[in-house]
Amino acid sequence: MTRKILLLHGPNLNLLGTRQPETYGSLTLDDINAAAGRHLDRYDVSLRTAQSNHEGELVDLLHDAREWADGIVFNPGAYTHTSVALRDAITAIETPVIEVHISNIHERETFRHKSLLAGVCLGQIAGFGWQGYLLALDAFLRRWELLRD
Ligand code: CA2
């Protein structure tokens, strides 16, 4: 049975690789999506990717993923700190979500320390740069016993 993952990116992450490399690295979103795809190459896991700058569209993408995805890796961007709507969507769909942040939100401004979403996610990965996405994929691979070491 092929497992399916949605890699979902929130607001402003379409700008990755264009500015603030000291905070967010120098890879573009396409680079990260491609690296995630390569990471899953040897597993029976398919990957879809999506990005939106709009809260309601992210809600729609989460609802849609409920129909087909076995797991969601989600960087909600700034909506992490503000969005009850995304929290409710994650709660409603029941599909496990892993929250990922490129930067360590806990060592940044106080307003970034709080995630409204982490409490309804399987877990949160923050501060490991773009490789945090691969750590999240590994967490799903382990959960599905496709990765054991
Ligand atoms: O560290 C992360 O991944 C964040 O989710 C990134 C969000 C920020 O609001 C969160 O607190 C932490 C911001 C993404 C902005 O991305 C940019 C990328 C390049 C240039 C400008 C912004």
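The values are calculated or read from the model by the stated rules, or taken from the named source; none is laboratory data. This structure is a prediction, so every number in the text was calculated from the model and none was measured. Please note: Cβ atoms are built from the backbone with ideal geometry, for glycine as well, and neighbour counts cover all protein chains shown. Note: areas computed on protein heavy atoms with side chains; ligands, DNA, RNA excluded. Shrake-Rupley method; radii C 1.70, N 1.55, O 1.52, S 1.80 Å.
Looking at the range 1-13, which of its residues are near the ligand (Cβ under 8 Å from one of its atoms) and open to solvent by 40 Å² or more (accessible area, probe 1.4 Å)?
Of the range 1-13, the ones near the ligand (Cβ under 8 Å from one of its atoms) are 10-13.
Within the range 1-13, ASN12 is the sole residue that qualifies.
Filter the strands (runs of 3 or more DSSP E) completely within the range 1-115 down to those with at least 2 residues that are among the charged types (D, E, K, R).
Details: elements: 3-9, 45-51, 71-75, 97-101.
Answer list for the range 1-115: 3-9.
Would you pick out the residues in the range 16-42 that are in contact (Cβ under 8 Å) with a residue 40 or more places away in the chain, surrounded by fewer than 17 Cβ atoms within 10 Å (Cβ to Cβ) and either under 18 Å from LEU146 (Cβ atoms) or among the aliphatic types (A, V, I, L, M) (or both)?
Within the range 16-42, just ALA35 meets the criteria.
What are the residue pairs meeting all of these: first residue in the range 126-145, first residue on the phi > 0 side of the Ramachandran plot, second residue buried (at least 16 other Cβ atoms within 10 Å of the Cβ) and part of a loop (DSSP other than H, G, I, E, B), Cβ atoms under 7 Å, and 6 or more apart or on different chains?
GLY127/SER103; GLY129/GLY25; GLY129/ILE102
Looking at THR95, THR91, THR110, can you tell me which residue is modelled with pLDDT of 95 or more, of a type in the set (Ser, Thr, Tyr) and within 16 Å of the ligand (Cβ to nearest atom)? Break it down stepwise before answering.
On the way: THR95 fails: within 16 Å of the ligand (Cβ to nearest atom); THR91 fails: within 16 Å of the ligand (Cβ to nearest atom).
After ruling out the rest, the residue left standing is THR110.
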